[in-house]
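A short write-up of the structure that comes next.
The values are calculated or read from the model by the stated rules, or taken from the named source; none is laboratory data. Just so we're clear, the structure is a prediction, and the values are computed from it rather than from any experiment. Cβ placement follows ideal geometry from the backbone for every residue including glycine, while neighbour counts extend to all protein chains displayed. Surface accessibility is based on the protein's heavy atoms, side chains included, excluding ligands, DNA and RNA. Shrake-Rupley method; radii C 1.70, N 1.55, O 1.52, S 1.80 Å.
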Amino acid sequence: MTPADPGIRGIGMTSLRTRERLVQRLMDQGIRSDEVLGQIRNVPRHLFVDEALSSRAYEDTALPIGLGQTISQPYVVARMTEAMLEHLSGARRVLEIGTGCGYQTAVLAPLVKEIHTVERIPALLRRARRQLSELEIYNVRFRQGDGWLGWPKYGPYDGILVAAAAPRVPVPLLEQLTEQGCLIIPVGPSGRQELALVTRNGNELHQRSLGAVSFVPLVHGK
Ligand code: SAH
C-alpha cells in the first residue's frame with residue numbers, strides 16, 4: 001500500500017489491526033484462500049458504507065447502505081469469492097448480479113480477468129462505479145438493469161455470482177454459463193435461504209449447498 005492509498009486514509013478504526021482481526025475471524029470460520037484473505041485485508045470496506053457506520057466496517061456483519069439494501073457480511077463475501085475461485089476455469093470472466101455498493105466487486109476484481117456487474121438501482125450503481133474508480137479498479141463493466149436476465153451481450157461467463165436471493169435459479173443465468181462454468185446464488189424464501197453452487201459440465205448441471213445465508217431478495221424487473 002502506498003501512502004496515497006484511500007484504504008488507509010484517516011482514522012484509527014481503519015487501522016490494519018482492525019482489519020487483521022477480521023481476517024483472523026474469517027480464518028477461524030474456515031476461509032482458507034490466501035488470495036481471498038489478502039483481499040479482505042486490502043479492500044477498504046469503510047469506504048463502501050456511510051461515514052456514520054465506518055467504525056463498524058470491519059465487523060463481520062451486513063450493514064445498511066441506503067435504499068433498503070445492505071453491504072454483504074464479509075464472511076459471506078469471502079465464502080462466495082473462495083468458492084468462485086475454486087471453480088473458475090477458462091478466462092475468468094465473471095458476471096455479478098446485485099452490485100450494491102460494489103464491495104464484493106472490489107474484492108473479486110483483482111482475482112479475475114474481468115467482471116460484468118448488473119444492479120437495478122441507478123443511485124447504487126453510480127456510487128459503486130465512482131468508488132471502484134477511486135480505488136483504481138478498471139476491469140469492471142457496469143449495467144443498470146434486471147439481473148434475472150443476466151447480461152447476454154458479454155456472455156457466456158466462466159462464473160456468475162448473485163448477491164440477492166431468488167426463489168429458484170434463473171434459467172437465463174444458466175444459459176449464460178460457459179461449458180465448465182459455475183454459478184453461485186442464494187436460493188429460497190427469506191429465513192430459509194441456502195447458498196447454491198451450480199457447476200456445469202457440458203450439458204450437465206450439478207447443484208450443491210454451501211450453507212444457510214441471508215440476502216435481500218432478487219427483485220423482478222428494472
Ligand atoms: N454485492 C453487494 C451486496 C448487494 S445487496 C456487496 O458487496 O455488499 C443486493 C443488491 O442486489 C442490491 O443492491 C439490490 O438492489 C440488487 N438487486 C436486487 N434485485 C436485482 C435485480 N433483479 N437485478 C439487479 N440487481 C438486483
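Odds and ends about this structure:
- All conditions but one from (1) open to solvent by 10 Å² or more (accessible area, probe 1.4 Å); (2) at pLDDT 95 or above; (3) assigned to a loop (DSSP other than H, G, I, E, B) apply to I31; the one that does not is (1).
- Annotation note: of T61, T105, the sole residue that is open to solvent by less than 50 Å² (accessible area, probe 1.4 Å) and either part of a loop (DSSP other than H, G, I, E, B) or among the small types (G, A, S) (or both) is T61.
- Filtering region 108-123 to residues that are assigned to a strand (DSSP E or B), of a type outside the set (V, I, T) and within 6 Å of the ligand (Cβ to nearest atom) leaves only E119.
- Single residue of region 81-102 satisfying the filter (among the hydrophobic types (A, V, I, L, M, F, W, C) and within 9 Å of the ligand (Cβ to nearest atom)) that is farthest from R19 (Cα to Cα): I97
- Test set (1) out of contact with any helix residue (DSSP H, G or I) (no Cβ under 6 Å at 6 or more places or on another chain); (2) over 13 Å from M80 (Cα atoms); (3) open to solvent by 50 Å² or more (accessible area, probe 1.4 Å) - Q131 fails condition number: (3)
- Residue match in region 157-178 (condition: among the acidic types (D, E), more than 16 Å from the chain's Cα centre (by Cα) and open to solvent by less than 30 Å² (accessible area, probe 1.4 Å)): no
- Flag if L37 is in a helix (DSSP H, G or I) and open to solvent by 20 Å² or more (accessible area, probe 1.4 Å): no
- Region 138-151, residues that are farther than 21 Å from P186 by Cα and either more than 13 Å from the ligand (Cβ to nearest atom) or out of contact with any helix residue (DSSP H, G or I) (no Cβ under 9 Å at 6 or more places or on another chain) (or both): Y138, N139, R141
- Yes/no for E51 being without any contact (Cβ under 8 Å) to a residue 40 or more places away in the chain, in contact with a helix residue (DSSP H, G or I) (Cβ under 8 Å, 6 or more places away or on another chain) and more than 9 Å from the ligand (Cβ to nearest atom): no
- The single residue among R25, R17, R9 that is over 15 Å from the mean Cα position of the chain (by Cα) and at pLDDT 95 or above turns out to be R25.
- Filter result for the condition that a residue is surrounded by fewer than 18 Cβ atoms within 10 Å (Cβ to Cβ) and under 28 Å from Q176 (Cα atoms), over R120, R126: R126
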